[in-house]
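Okay, so here's the structure we're looking at.
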Amino acid sequence: MTDSRSADLSGLRIDRSPPRPRERTRRNAVVIAACLALLLIAAAFLFANRTRAVEVRVAPAESVGGAPGAAAPEVLTANGYVVARRRASVSTEVAGRLEALYVAEGSRVREGQMLGVLRNDEQRAAVRSAQAELATARAARSEAEASAYEAGLARKRLQALLAKGLVSQSDYEEADARAKVADARVESAAASVANARARLSAAQVDLARTFIRAPFSGAVLRKEAEVGEIVSPIPSSGGLTRGAIVTMADLTTLEVDVDVNEGYVARTHEGMRAEIALDAYPGDRYPGRVRQIVPTADRQKATVLVKVTFDSLDARVLPEMGAKVTFLGDATPAAGGTRVPSAAVTIPKGAVADRGGRAVVFVAEKGRASLRTVGPRPYGEDRVVVSGGLAPGELVVLDPPGKLADGARIKPAGGSKNPDWGTHAW
C-alpha cells in the first residue's frame, strides 16, 4: 500500500525540465507573426491618413494696386526719411515753473489729455477772488431789486391816493423819482454782476493756461523739459528757460519724404504707385503712393521734395527711420502669361496660420499644400499685405485646419473641382 501512494504522489510533481526545442520554435513564430500583423495594421492606418486629401477653400493672392498676374516696372528710386505729417512741439502759453509732467517718451495720448502743469497758486487765488466778487455783485443786485420793488409799491399807493385827492402832486412825483432811481440801481447791479462774471472767466482762462494739453492724439517723441524748470512760450537766448514741454506726433500720418533729382522728377506724378523699404527692415516692402510733389526745388542739392504715403502702417514704422522708395510705373502683364513674383501682394486674413510661433500660409500646388513663411501686415479690414514669398494669382488656403501640414494632399471643399483652383493647383 505504501508503494501505490508513492506512485500517486510522484504523478502530482511539477515538471521543471526545459521545453523541447520544437515547442519553443513554434511559440516564437506565433509571437513574431502577431507583432508583424500589428505593424502592418499600423502602417496601413498611417498610410491611409497620409494619403487622405483634406478638403479646403482657396483664394488668389492679388498684387497691391493691380490685377493678379501683373508686374509694375521700376521707374526710379530715391532715399529719404519717415516723417509725421502732423507733428508739434507742445509749449505753454504763459511763463512759469513746471510743477508736474505726466508723460514720457513713447506715451500715447489723446487730444485734450493733460501733459503737464505749471505752478499756479497765484492763478488759483485769482479765481477764488473773482468768485467772491461775483457773489458780492449778485448780493448787491438782489438788494437793489428788493429796493426797486419797494419803491414801485410806494409809487402805486401814492398814485391811487392822488386820484382821490388825498395827496399832493409833489408827493407823488417824489415817490416816482425814488422808484426810477431804484430801477437804475438794479441795472447798475446787473452790470456789476456781468463785470464780475467776466473777471471770473478771465481768471479761469489764466488758470487753464497753466495746464499743458495735447493738441491732437498721437505719441510723445521727446521730453523737452523736466519738473522744476522754467518754461516760456519764448525761450531766452541764454538757455535759462525752455520753449517746449514735449515733442509729439500723430503716428497715423506717417509718410516718407524723399529728395528726387530734379532731372528725374518729371517721371513722377501725384497718385503714382510706390514701394517703401525701411533700412531697419530691408526684407519688407510697404506699398504706398505719391501724395504730393512739393512745388519748389532745392538749388543747393538740385532736388525736389516728394512725399509718399503708406497704404497701410504697422507698429514697426517709426518717425525718422531711413527709407528707400521705389517708384513704380503702370502694371504690365508678365511675358508668356507666367506669374512674376511681386514685392507685395494681398491675401485674406483667414489664410494666415500660426505654426510654431511663425506666420505661415499654405499654397495650393498640384493638389498639395506648400507651406511658406510670411510677414503679414494689415491692409484694410479683412486683408493683409505679404512682402515676398508669394506671386500674384497663386492660390492660398483659407482657414487652414490645424492638422494641415506641408506637403499634405488637398482637394476643393464640396468634393468637386472649383474653376478658381486653376490647373496649376493640381
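The values are calculated or read from the model by the stated rules, or taken from the named source; none is laboratory data. Computed from a predicted model, the values in this text were never measured in an experiment. Counting neighbours? That spans all protein chains shown, and the Cβs are built from the backbone with ideal geometry, glycine included.
List of remarks:
- Test for Arg289: is it touching a Gly at 6+ places or on another chain (Cβ under 7 Å), of a type in the set (Lys, Arg) and in a strand (DSSP E or B): yes
- For the range 150-179, filtering for residues that are in contact (Cβ under 8 Å) with a residue 12 or more places away in the chain and within 27 Å of Arg138 (Cβ to Cβ) leaves 7.
- A single member of Ser201, Ser188, Ser232, Ser217 is surrounded by fewer than 18 Cβ atoms within 10 Å (Cβ to Cβ), of a type outside the set (Asp, Glu) and in contact with an Asp or Glu (Cβ under 6 Å, 6 or more places away or on another chain), and it is Ser217.
- Matching residues, the range 97-124, being farther than 16 Å from Val246 by Cβ and part of a strand (DSSP E or B): Arg97
Condition check ((1) among the aromatic types (Phe, Trp, Tyr); (2) over 30 Å from Gly288 (Cβ atoms)) across all residues:
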site: Tyr172; (1), (2): yes, yes
site: Ala177; (1), (2): no, yes
site: Arg199; (1), (2): no, yes
site: Lys223; (1), (2): no, yes
site: Met248; (1), (2): no, no
site: Leu251; (1), (2): no, no
site: Val256; (1), (2): no, no
site: Glu262; (1), (2): no, no
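- The range 118-140, residues that are of a type in the set (Asp, Glu) and surrounded by 15 or more Cβ atoms within 10 Å (Cβ to Cβ): Glu133
- Taken over the range 385-397, the criterion of being in contact (Cβ under 8 Å) with a residue 60 or more places away in the chain and either surrounded by fewer than 18 Cβ atoms within 10 Å (Cβ to Cβ) or outside the structural domain of Leu371 (by TED's automatic domain parsing) (or both) is satisfied by Gly388 alone.
- Only a single criterion out of (1) out of contact with any helix residue (DSSP H, G or I) (no Cβ under 8 Å at 6 or more places or on another chain); (2) hydrophobic (A, V, I, L, M, F, W, C); (3) crowded, with 18+ Cβ neighbours inside 10 Å is not satisfied by Val306, namely (1).
- Residue in the range 3-26 that is assigned to a helix (DSSP H, G or I) and modelled with pLDDT of 65 or more present: yes
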